[in-house]
Amino acid sequence: MKITVKSNGFKLLRASVAALALATVFPAHATDPAEKKGAETVELVPAKESETGKMHRITINGKTLNYRASAGTLIIRDDAGNPRASMFYVAYTVEGQGKNRPLTFLNNGGPGSASLWLNIGGFGPKRAPTATPKSTPPAPYVSQDNPFSILDKSDLIFLDAIGTGYSRMIGDAPVDEFWGTDEDIDSFARGITRYISKYDRWNSPRFLFGESYGTTRSAGLVYKLQNQGMDFNGVIMLSTLLNSGTGFQGSDIGSITSLPTYAASAWFHKPAIQAQGSLAEHLQKARTFAMGPYAAALLKGDTVSPQENAQVMQQMSELTGLPIPFLTKKKMRVGMEDFREQLRLDEGIMIGRFDTRFTAPASYAAGNGNYDPATNDAATAGVNSAHLSIFRQHLVRDIGFESDLHYRPLYNGPISAKWNNSHKAPGIDRPLPFANTGLDLAGAMQRNPNLKILMLAGIYDLSTPFAEAEYDISQLYLTPNLRQNIQFIQYESGHMTYVDDTASAKMKADLDRFYDSATHP
């Protein structure tokens, strides 16, 4: 698979790669009838909603819950009422607590990823444990009740974007109705509204939970839905990317916001750096350096003095473990792929992209950058088979759902190639050629000053560096009463923070507090 990005430069390429959500590109779409015939709409998808499910029981935090696990489809209609797409969902709803229970809509990224990863990997009632940060052995895999599920706090609805999972266009609906920033937001808004209407959940406290590109989507989605009269209690963003416009040639923001992640990764892999202090101390030094001397030197470009350049380069080398000759060659502007290859180059080892704690032989890549950015990642290979296998088993055994359609865990190649990256953000008089849904998030908070935002991240995630989300939010110039509604929390994990048990336990406690604060202010 080759990821194609239209006129958006490095940053949007990174966004596309990041939001694969650790799912490898499965070649199964080659057997898809639509793909064989070169058209997306030849599959015969009925314009009819379906639902099937089974009852289960789980104990979370000492509390036993009876819940229904179900899967089905929602018909997405245009303004004239014509069916245009069938959106697949998996839902978990606790019985006996009424229709005013909190309701969370979860979605993964891509654009082009189904939402099984947040489900079976993270926050659904069933979980496929992995050996993170080591590679998980092949089948048989384990399926177990998830002690870190947030089902005790909210009913959970996992939605698959159109073209992923079992979600499809209907009839003659063209892909450009769905495969674009604003088109995708619109289809999710219609799907969520349909679910709430169908199941009479209009008085439930409402939450959105997006991962990776799902955060781009969720920021735009909460603005759109609230402007349609549907206020939300909270938005949870995991591995956040809000602004895809900061990666053009000449912009150094990506280098600055990536440096703390480089430093954390170097601390993990280099005993000599660990000997100088704790991870927290090292990260604080990196944060101060990145937004101070490093940013100042980069912004001066070739006008920086030789003395300042040498001093900053020495500090950068000490923090990131990268040799000075390499930093000299790169003008101190190091991309994530350069960093992955260089950090342990002398050992013939490449570190992971989505979780830098993972490692693989350097030959895992084809060399010289001529490799598939979606698949040559040890962190990707380390967990995806366990998640996909247990999720497919879960659909059949625990829910009773089967389909003749091909399930697309990731359809990033075809979707990215046709994706419309432009976005009409609030306050901008025309669509821009890239998405900055941070502006949408700010608009949503201004409309609803009670909206709570929780931004979660892994410090070992190169694809969506945690410092970048902090920077993007700082550029929204929110008033103090709104700014206090945003909380940032980082974990010693990667892009999919939840594949690490230690991180998952901490996230569960943090999410519990967030739900309590957003539903009982």
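Derivation of every value follows stated rules applied to the coordinates shown; laboratory data play no part. All values reported here derive from a predicted model rather than from experimental measurement. Neighbour counts run over all protein chains shown; Cβ positions are idealised from the backbone, glycine included.
Straight-line reach from Lys418: which aspartates and glutamates have Cα under 13 Å away, leaving out those fewer than 8 places along the same chain?
Answer for Lys418, where 13 Å is the Cα cut-off: Glu40, Asp176, Glu177, Glu183, Asp184, listed by chain and number.
Take the Cβ-Cβ distance between Gln274 and Ala505 as r, set R0 to 35 Å, and report the resulting FRET efficiency rounded to the nearest 0.05.
0.90
Got a sec? Which residues in the stretch 48-91 would a label at Asn100 touch, if it sits 7 Å along Cα→Cβ and we count backbone N under 20 Å?
none
Cα axis of helix 501-519 to longest principal axis of the chain: angle in degrees, 0 to 90, nearest 10?
The answer is roughly 60 degrees.
In debye, nearest 20, what is the charge dipole magnitude of the chain about its Cα centre with +1 on Lys and Arg Cβ and -1 on Asp and Glu Cβ, if you could check?
460
Going highest first, how would you order 122-134, 394-406, 445-457 by mean Cβ packing within 10 Å?
Ranked from most to least packed, the peptides come out as 122-134, 445-457, 394-406.
Along the stretch 149-157, what does the Karplus equation 6.51 cos²θ - 1.76 cosθ + 1.60 (θ = phi - 60°) give for ³J(HN,Hα), rounded to whole Hz, x for Gly and Pro?
5, 9, 5, 6, 9, 7, 5, 10, 10
Going by amide H atoms built from the backbone, whose H comes under 5 Å of the H on His423, apart from near neighbours?
Placed amide hydrogens put Leu432, Phe434 under 5 Å from His423.
Add -39500 (n - 2.57) for each DSSP H run of 4 or more in the chain, then divide by its residues: what number comes out at 222 nm, to the nearest 500 deg cm²/dmol?
Result for the chain, helices only: -10000 deg cm²/dmol.
Between the stretch 245-288 and the stretch 385-445, what is the C-alpha centre distance in whole Å?
So the separation of the two Cα centres works out to 29 Å.
With a sphere of radius 14 Å drawn around the Cβ of Lys126, what net charge do the other residues whose Cβ falls strictly inside it have (Lys, Arg +1; Asp, Glu -1)?
+4
Report for the chain the percent antiparallel among DSSP-assigned beta bridges with both residues inside it, nearest 5.
Once the DSSP bridges in the chain are tallied, antiparallel ones form about 60 percent.
Arrange the peptides 191-198, 79-86, 57-64 so that the one whose residues have, on average, the most other Cβ atoms within 10 Å appears first.
Ranked by mean Cβ neighbours within 10 Å, highest first: 191-198, 79-86, 57-64.
For the pairs Lys270/Lys329; Lys300/Lys508; Lys285/Lys424; Lys331/Lys424; Lys270/Lys330, flag any whose C-alpha to C-alpha distance is greater than 32 Å.
Lys300/Lys508; Lys285/Lys424; Lys331/Lys424
Given [x] 23.3; [y] 35.8; [z] 24.3 as candidate values of Kirkwood radius over Cα pairs in Å, which corresponds to the one derived from the coordinates?
Given [x] 23.3; [y] 35.8; [z] 24.3, the structure-derived one carries the label [x].
Order these peptides, 256-265, 95-104, by their mean beta-carbon neighbour count within 10 angstrom, highest first.
Answer by packing, highest mean first, reads 256-265, 95-104.
Under a plain spin-label model, where a point goes 7 Å from the Cα along Cα-to-Cβ, how far apart in nm are Gln484 and Asp231?
1.8
Counting only C-alpha contacts under 8 Å and six or more residues apart, can you give the relative contact order of the stretch 254-379 as a whole percent?
21
What does the charge dipole of the stretch 254-379 about its Cα centre add up to, to the nearest 20 debye, if the Cβ of each Lys and Arg holds +1 and the Cβ of each Asp and Glu holds -1?
Dipole magnitude for the stretch 254-379 comes out near 240 debye.
Starting from the amide H of Phe354, placed 1.01 Å from N in the peptide plane, find each other amide H under 5 Å away whose residue is 5 or more places distant or on another chain.
Close amide H contacts, sequence-distant or interchain: Ala379, Thr380.
Roughly what would the spin-label model give for Lys134 and Glu347, points 7 Å off Cα along C-beta, in nm?
Result for the modelled spin labels: 1.5 nm.
With θ set to phi - 60° and the Karplus curve 6.51 cos²θ - 1.76 cosθ + 1.60, what are the ³J(HN,Hα) couplings of the stretch 433-444 in order, to the nearest whole Hz, using x for Gly and Pro?
3J(HN,Hα) across the stretch 433-444, in whole Hz: x, 8, 8, 10, 7, x, 5, 5, 4, 4, x, 5.
If I take R0 = 51 Å and measure r between the Cβ atoms of Gln311 and Asn203 in this structure, what FRET efficiency does the formula 1/(1 + (r/R0)^6) give, to the nearest 0.05?
That gives a FRET efficiency of 0.25.
Describe numerically, in nm with one decimal, the distance between label points set 7 Å from Cα along Cα→Cβ at Glu402 and at Asn61.
Placing both labels 7 Å beyond Cα along the Cβ direction yields 3.9 nm.
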